[in-house]
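Student: Take this structure, written in structure tokens, and hold onto it; I'll ask about it next.
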Amino acid sequence: MKASHSLLIVDDDVLVRSTYRRFFAAQEEFEVCAEGRDGSEGVDLYDRHQPDVLLMDLQMPVMDGVAATREIIAQHPGACIVIMTSFDPLDQVLAALSAGAAGYLLKDVGGPGLVSGLHQAMAGDMPLSPSVRKDMVAAMVDRHAARPAPKEAAVQLKSRELEVLGLLARGMSNQEIGAAMYVSDSSVKQTLLAIGRKLGVRSRTSILVKALQLGLVDLESVPLDA
């Protein structure tokens, strides 16, 4: 049976690429269409194959994962890119998400968690390893608490848009947000698109990062132990 989704793998470690290849060969959901050794190869291979999802390492020679993500998104705004790495320094997490990555997973996530994360990313949700999300939100909370009360935000959002942002910050999927607000998934997607236009970003993940940076999310309502 032909796999449902095409997958591009970019990692400078040949053993890691081999492990991924064997893992995905043993299941029927994803088929590895190509492999790259660095970000530059990843950019070229994405342009050539345009896979359903790209699984990419962060720290690589020639071009790192952040730079490659930024270049791919510039050429293919709808690209679905999931960063998969052993490192989770907050500045790198935010850089990758701001560049347009759909999610950020650590390599200890395990097989089922990896497959689930890829599906979440393709569905427009935001897969983040729990420790990554906790560190990201905690840092934003600390930054928010340390600075003076902000002036009126330059970006004005409607009450429904702010509600969606708050639920997004809690790690909810579009389906979960829709259920909580008694609206359809498509309505949530349209609201996120409207928020993205106001913030000048496209992806679901970039919307959250930008909203946190601008103080548009009620950080006291965001759980840090999710």
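Student: Name the residues in region 95-120 that are assigned to a helix (DSSP H, G or I), in contact with a helix residue (DSSP H, G or I) (Cβ under 9 Å, 6 or more places away or on another chain) and crowded, with 19+ Cβ neighbours inside 10 Å, would you?
Tutor: A95, A96, L97, A99, L114
Student: L90: buried (at least 18 other Cβ atoms within 10 Å of the Cβ), of a type outside the set (S, T, N, Q), in contact with a helix residue (DSSP H, G or I) (Cβ under 6 Å, 6 or more places away or on another chain) and closer than 23 Å to I207 by Cα, yes or no? It would help to see each step written out before you state the result.
Tutor: On the way: buried (at least 18 other Cβ atoms within 10 Å of the Cβ): no; of a type outside the set (S, T, N, Q): yes; in contact with a helix residue (DSSP H, G or I) (Cβ under 6 Å, 6 or more places away or on another chain): yes; closer than 23 Å to I207 by Cα: yes.
Answer is no for this residue.
Student: For region 19-58, what are the residues that are of a type in the set (G, A, S) and either buried (at least 19 other Cβ atoms within 10 Å of the Cβ) or at pLDDT 95 or above (or both)?
Tutor: Matches in region 19-58: A34, G36, G39, S40, G42.
Student: Right, something else. Return yes when T85 is closer than 21 Å to S206 by Cα, crowded, with 19+ Cβ neighbours inside 10 Å, assigned by TED's automatic domain parsing to the domain that holds S98 and at pLDDT below 95 and no when it is not. Steps first, please.
Tutor: Numbers: closer than 21 Å to S206 by Cα: yes; crowded, with 19+ Cβ neighbours inside 10 Å: yes; assigned by TED's automatic domain parsing to the domain that holds S98: yes; at pLDDT below 95: yes.
Yes; evaluated as a whole, the condition is true for this residue.
Student: OK, next. Determine if region 46-56 includes at least one residue that is closer than 21 Å to R202 by Cα, basic (K, R) and in the same structural domain as L118 (by TED's automatic domain parsing). Lay out the reasoning, then the answer.
Tutor: Step one: list which residues in region 46-56 are closer than 21 Å to R202 by Cα, which gives 46-47, 50-56.
This time we only want the ones that are basic (K, R), so: none.
No, region 46-56 contains no residue that is closer than 21 Å to R202 by Cα, basic (K, R) and in the same structural domain as L118 (by TED's automatic domain parsing).
Student: Every residue in region 140-168 that is part of a helix (DSSP H, G or I) and modelled with pLDDT of 80 or more, please.
Tutor: S159, R160, E161, L162, E163, V164, L165, G166, L167, L168
Student: Would you call V132 at pLDDT 65 or above, among the aliphatic types (A, V, I, L, M) and touching a Phe, Trp or Tyr at 6+ places or on another chain (Cβ under 9 Å)?
Tutor: The answer is yes for V132.
The values are calculated or read from the model by the stated rules, or taken from the named source; none is laboratory data. Predicted model, so just to flag it, every value in this text is computed and none were measured. All Cβ positions, even for glycine, are placed from backbone atoms using ideal geometry, and neighbour counts span all protein chains on display.
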